[in-house]
Protein chains: 2
Amino acid sequence: MKKTDQEIDLNLIKSPADIRKMDMDQLKSLATAMRRPLIEKVSHHGGHVGPNLGMVEAIIALHYVFNTPEDKIVFDVSHQTYPHKMLTGRMEAFTNPEKYDTVTGYTQPKESEYDLFSLGHTSSAVALASGLAKARDLIGGKENVVAVIGDGSLSGGVAFEGLDYGATLGTNFIVVVNDNDMSIAENHGGIYADLRLLRNTNGTADNNLFRAMGYAYRYVHYGNNIPSLIKAFEEVKDINYPVVVHINTMKGMGLPVAEADKEKFHWSVPFDPETGNILGETAPSEEPQDYISLFATHMSSRIKENPKLALITAGTPGAIGLGPELRKEAGKQFVDVGIAEQQAIAMASGLAKGGADPVVGVVSTFLQRAYDQFSQDIALNHQPATFVIMYGSLFGMNDETHLGFFDLGLLSNIPGLLVLTPSGKDEFISMLRWAETQRETPVVVRIPGGGYGDVEGVQLLENYNDAPYQVVKEGKDVTLIGVGTFLSTMLEAAEILKSKGVDATVINPRQVSNLDKQAIEKMRGEKVVLTAEDGIVDGGFGQKVASALGESPVKVVNLGLPKRFLNRYNAADVLNELGLTPDKIAEKVISLL
Amino acid sequence: MKKTDQEIDLNLIKSPADIRKMDMDQLKSLATAMRRPLIEKVSHHGGHVGPNLGMVEAIIALHYVFNTPEDKIVFDVSHQTYPHKMLTGRMEAFTNPEKYDTVTGYTQPKESEYDLFSLGHTSSAVALASGLAKARDLIGGKENVVAVIGDGSLSGGVAFEGLDYGATLGTNFIVVVNDNDMSIAENHGGIYADLRLLRNTNGTADNNLFRAMGYAYRYVHYGNNIPSLIKAFEEVKDINYPVVVHINTMKGMGLPVAEADKEKFHWSVPFDPETGNILGETAPSEEPQDYISLFATHMSSRIKENPKLALITAGTPGAIGLGPELRKEAGKQFVDVGIAEQQAIAMASGLAKGGADPVVGVVSTFLQRAYDQFSQDIALNHQPATFVIMYGSLFGMNDETHLGFFDLGLLSNIPGLLVLTPSGKDEFISMLRWAETQRETPVVVRIPGGGYGDVEGVQLLENYNDAPYQVVKEGKDVTLIGVGTFLSTMLEAAEILKSKGVDATVINPRQVSNLDKQAIEKMRGEKVVLTAEDGIVDGGFGQKVASALGESPVKVVNLGLPKRFLNRYNAADVLNELGLTPDKIAEKVISLL
């Protein structure tokens, strides 16, 4: 009897063992059955849409063929692992809306032994898997080690480093390359021509990047066909040398709107699965309402005015506000290097050296990958490039893998790198406008995700190099220094203090890389100086102030975030706990006076 | 008349224009003439031997064919640019021993307009050059842009990112791959099999990494033959698409001892050019005399005792003490991933997750390239791998490109990463021994270059996780905290203070990543707390102490290095200037009491 879709009761699938008993028809029905709650969840709850819909069959085939969890699968980026979670004991998190939030959007070892790493930055899976394989070889194990990496992640340097080393292991090492001809947006880079050639020749072309790197190679043209996938995986199972299995999948498969607009439905907030319309979306206003679209609007007009301006992204044009239209308009002045932050930053150094005006938009959590380029290629070489760090601060992304509050300390302790922290919209644009064409210094401008306010009394400058701290409000009892978005918090705290008879000075430091020595000198006579920054306190701005005032009797308090990987936090709760609200800051001041 | 070697007067060569008039015989004589002072200088003065001797002909041919400085050449690593400096106005720095130190060992824009970047970390030249090419295309220039990268540097992720992007430029972009079949030590990685195949097939093999990445390709088998090189470079000059010119050169060419032992003569202190013996070298003592050889000796014995131990380097086995014999002994427990720090650190995470005991030896200045792996793959995932940071502190390498004093702040502000700072030999080995097999936490052990002392009174522990600060000397007037090598400095300062009637407490914090809250509580009652660390003060240990004591009346002074790229400094002078000597520390204390 041929089994049909209706017969698959997803909630009976507790582990991969349950699917290893199925026949091909059942597995196909399983894929169909899994897509329904997947689409239901991502359209109601938001999340990664296309990557998960495209990988349903491959993940079924992987767990069918490989003896997980003994056999080890490392998923790169791991935002494509919803189907994996469904098959490994977490089905309810997809079938039962009340349990949607019981799982994260990435692999998470705390959730399941099938999840090997907490992983959200791209391109590291092959390197991680090479360590698992080496450990197996030292200990004498026999398990398969599989890395699953998407074509978009292949451009990241660590992916290449991992592939280069992995080729020399000489033992079982299986790399599944999920090729859907898309990064988050379109793919960029020389390797993609080769992937296309391989797809077009059914894997037979002579120019084969993977063979050139030392891998055996298999191509699966129908990467959403379970029998084809199972055949390929069975052929490489227990193999005793490194092999690449290149599978051609369709991003967004099974959801027409996601198949049609792969970039929009890479990740989405809740949407109507029929029309693809974003739920609750209002008509776009004339005026951009958040930092990211403000940046995009400003840059798209500047690109027309300054032909030497080069606008650079490392594979995340959408995340920094640059939709397909803006990119098209920008023409050759827009550069997407693919997921390759080191390239983006070093290239900016070359552009500045060559007389152009590079502006790089980079997501805070991903700039970490290019620390050496900030230090060596930019700062040591004094190249006046501009970097706009997006989603910095607590008001960024809130997964433990994507935090935006380690950036201030990281960059501000590099010699010669000016790190500007605008307090609101006008100051941001003023800083950006100056940074773009000046030739004095490399500049980082760091903005949070989300909306902006504007702070009354903030004075804009013509030149932000060696900019002094600005006293936004003059007082006599206590000094409050608010970095970036915390300037307005400090002003609110000052209001509260005023009502209690305390007259506070409020300072906008404008930047966190250099102490304003005159301003610090003035503070020596104070009773209390309080700093607040939307980054971790350790290694940050406030500690520099505390150190500079170390020999003075003034009491210094440094507020900010703890040195911890917070996970899926609520920003308001965190601020409250840390005493970073105007009320609590005012209380703290009064307790010290 | 055929001109002979004798007719080339090197000191008449002031710029590349002077060699563009020469015929082939003269150019050949020029190469012979240049090798003499090169060998003379490196054998008397020390420096990079093999890389420069191997590139004499290629650099002559580059400057002969390309119209430098209008045409732009970016040298990767730039330790192979001695011949380039000889041809670009700096001949005397090689022919006149009194002027040896008027040039650095790397390209340096302050020295010459022919030097585009200050560059010493590897693998970034292609990315930098891609920016120069893009700037040219935006501005409307016509110059050639050339990146020269060695085979050893190709394994670094940013090299691949640069190649991947560069392939899409669609305009003039010339990558010269200098293939001498050697990294610093032997090459490691899948791409090297392909380079070998290309060499063995005179560049005709189908498996061609560069073609697979989208480049046109030319192979020069005789990469030390000037006419062959000139022919190839002339063929690609003014080309309007990206091309790789793969040249096969001989590292150490012209100096038999360097041709024979390419690893030993990659870089060398002064040596006898006939015998290759290092000058002034004494017979190796039984007991290792410095941190690096101590590490090597310890690890080679531990490898025999612990079959799960994996000892990892990213292309610098010699710099971390692992000579060819130790490597051979270690067998499959020794892993050289090539110049690929991201791979080394992420792989260590996989190894630890897989139950092995990874120990990574990494040079301080190069760990910067793997910040994201320390943060995400190691710390966020709590993998108990061990990292020994070599040449940290002021007592490391002293070129501005190779500084070792930015590491403490960089790593100690990552949540959950324990950063240990041994004060001497026994504490180092004690920490290393514990770190290797424990399963509680990722551990960094940071050691300086050069010799070690041992500090009396330092108490060794069984377990360094959550280790408290140790009071090495109990006092009552002032507290001195000395990080790592500065513990002995503080003890000496305490001796001086004692002679002046001041009784100092001296503390060994053992680690810089977590404050010992009890110890800090005790300090609240002090008059003066002084910290000293051999890293930059900004973002470092002392500022954490200052911040923690900010509300207390105690005066806190943080000593350490300035946030500056020092260049070719003398460590003793720097310490003196910064007040980091026992005398000056004692003076400072007295001025505060």
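The values are calculated or read from the model by the stated rules, or taken from the named source; none is laboratory data. Since we're looking at a predicted model, the values are computed, not measured. Quick reminder, even Gly has a Cβ in these numbers, built from the backbone with ideal geometry, and neighbours come from all protein chains shown. Surface accessibility is based on the protein's heavy atoms, side chains included, excluding ligands, DNA and RNA. Shrake-Rupley method; radii C 1.70, N 1.55, O 1.52, S 1.80 Å.
Observations on the structure shown:
- Check on B:V74, in contact (Cβ under 8 Å) with a residue 60 or more places away in the chain and within 14 Å of chain A (Cβ to nearest Cβ): yes
- Hey, B:G252 within 11 Å of B:A58 (Cα to Cα), away from every other protein chain (no Cβ under 14 Å) and open to solvent by less than 60 Å² (accessible area, probe 1.4 Å) or not: no
- Considering residues of segment B:312-321 that are in contact with a helix residue (DSSP H, G or I) (Cβ under 6 Å, 6 or more places away or on another chain) and within 12 Å of another protein chain (Cβ to nearest Cβ) only, the residue farthest from B:D261 (Cα to Cα): B:I312
- The residue pairs whose first member lies in segment A:472-492 and is touching a residue at least 24 places away in the same chain (Cβ under 8 Å), whose second member is in a loop (DSSP other than H, G, I, E, B) and surrounded by fewer than 18 Cβ atoms within 10 Å (Cβ to Cβ), and whose beta carbons are closer than 6 Å, counting only pairs six or more residues apart or on different chains, are A:V472/A:G457; A:G475/A:D503; A:K476/A:D503; A:D477/A:D503; A:S488/A:G453.
- Extreme residue, least open to solvent (accessible area, probe 1.4 Å), among residues of segment A:212-249 that are touching a residue at least 60 places away in the same chain (Cβ under 8 Å) and of a type in the set (S, T, Y): A:T249
- When A:K264, A:K237 are checked against the criterion of being in contact with a Phe, Trp or Tyr (Cβ under 8 Å, 6 or more places away or on another chain) and charged (D, E, K, R), A:K237 stands alone in meeting it.
- None of B:V146, B:V126 is closer than 29 Å to A:N187 by Cα, in contact (Cβ under 8 Å) with a residue 12 or more places away in the chain and either assigned to a loop (DSSP other than H, G, I, E, B) or more than 22 Å from the chain's Cα centre (by Cα) (or both) except B:V146.
- In segment B:109-143, residue farthest from the other protein chains (Cβ to nearest Cβ) [restricted to those that are of a type in the set (S, T, Y) and buried (at least 24 other Cβ atoms within 10 Å of the Cβ)]: B:T122
- Unmet requirement for B:Q511, which otherwise passes all of (1) of a type outside the set (D, E); (2) closer than 24 Å to A:G409 by Cα; (3) touching a Pro at 6+ places or on another chain (Cβ under 7 Å): (3)
- Residue match in segment B:278-292 (condition: in contact with a Lys or Arg (Cβ under 8 Å, 6 or more places away or on another chain), under 30 Å from B:G105 (Cα atoms) and of a type in the set (A, V, I, L, M, F, W, C)): no
- Residue satisfying all of: in segment B:301-355; closer than 26 Å to B:L154 by Cα and among the β-branched types (V, I, T); modelled with the lowest pLDDT among these: B:I320
- Residue list for segment B:304-321, restricted to those being free of Cβ contacts under 8 Å to residues at least 24 places away in the same chain and open to solvent by less than 20 Å² (accessible area, probe 1.4 Å): none
- For the residues A:G409, A:G350, A:G396, the requirement of being open to solvent by 10 Å² or more (accessible area, probe 1.4 Å), facing another protein chain (nearest Cβ under 7 Å) and in contact with a strand residue (DSSP E or B) (Cβ under 9 Å, 6 or more places away or on another chain) singles out A:G409.
- Residue, surrounded by the most Cβ atoms within 10 Å (Cβ to Cβ), within segment A:540-551, restricted to residues that are more than 7 Å from chain B (Cβ to nearest Cβ) and more than 17 Å from A:L592 (Cα to Cα): A:G540
- Within segment B:322-341, not a single residue is in a helix (DSSP H, G or I), open to solvent by less than 10 Å² (accessible area, probe 1.4 Å) and either at the interface with chain A (Cβ under 8 Å from one of its Cβ atoms) or over 30 Å from B:D261 (Cβ atoms) (or both).
- Residue within segment A:552-565 that is among the small types (G, A, S) and either assigned to a helix (DSSP H, G or I) or open to solvent by 30 Å² or more (accessible area, probe 1.4 Å) (or both) present: no
- Test: residue in segment A:78-94 that is more than 7 Å from chain B (Cβ to nearest Cβ), closer than 21 Å to A:G47 by Cα, touching a Leu at 6+ places or on another chain (Cβ under 7 Å) and in a loop (DSSP other than H, G, I, E, B): yes
- Residue that is assigned to a strand (DSSP E or B), at negative phi and among the aromatic types (F, W, Y), where the choices are A:F387, A:F405, A:F428: A:F387
- So A:I149, is it modelled with pLDDT of 95 or more and either over 30 Å from A:L566 (Cβ atoms) or within 7 Å of another protein chain (Cβ to nearest Cβ) (or both): no
- When A:S513 is tested against (1) more than 21 Å from B:G542 (Cβ to Cβ); (2) at pLDDT 95 or above; (3) crowded, with 19+ Cβ neighbours inside 10 Å; (4) not hydrophobic (A, V, I, L, M, F, W, C), only condition (1) is not met.
- Checked against (1) under 20 Å from A:L128 (Cβ atoms); (2) modelled with pLDDT of 95 or more; (3) out of contact with any strand residue (DSSP E or B) (no Cβ under 6 Å at 6 or more places or on another chain); (4) of a type outside the set (D, E, K, R), B:P358 meets all criteria but (3).
- Close pairs from segment A:188-199: first at the interface with chain B (Cβ under 7 Å from one of its Cβ atoms), partner charged (D, E, K, R) and part of a helix (DSSP H, G or I), Cβ under 6 Å, at least 6 apart: A:G189/B:D164; A:G190/B:D164; A:I191/B:D164
- A:L169 meets each of the listed conditions (1) among the aliphatic types (A, V, I, L, M); (2) within 15 Å of A:I73 (Cβ to Cβ); (3) in a loop (DSSP other than H, G, I, E, B) apart from (2).
- The number of residues in segment A:170-197 being surrounded by 24 or more Cβ atoms within 10 Å (Cβ to Cβ) and over 26 Å from the mean Cα position of the chain (by Cα) comes to 2.
- Selection status of A:F428, open to solvent by less than 40 Å² (accessible area, probe 1.4 Å), of a type in the set (F, W, Y) and closer than 24 Å to A:A296 by Cβ: yes
- Residues in segment B:516-540 that are β-branched (V, I, T) and either modelled with pLDDT under 95 or outside any loop (DSSP other than H, G, I, E, B) (or both): B:I520, B:V528, B:V529, B:T531, B:I536.
- Counting only residues that are within 12 Å of another protein chain (Cβ to nearest Cβ) and touching a Leu at 6+ places or on another chain (Cβ under 9 Å), segment B:380-393 holds 4 of them.
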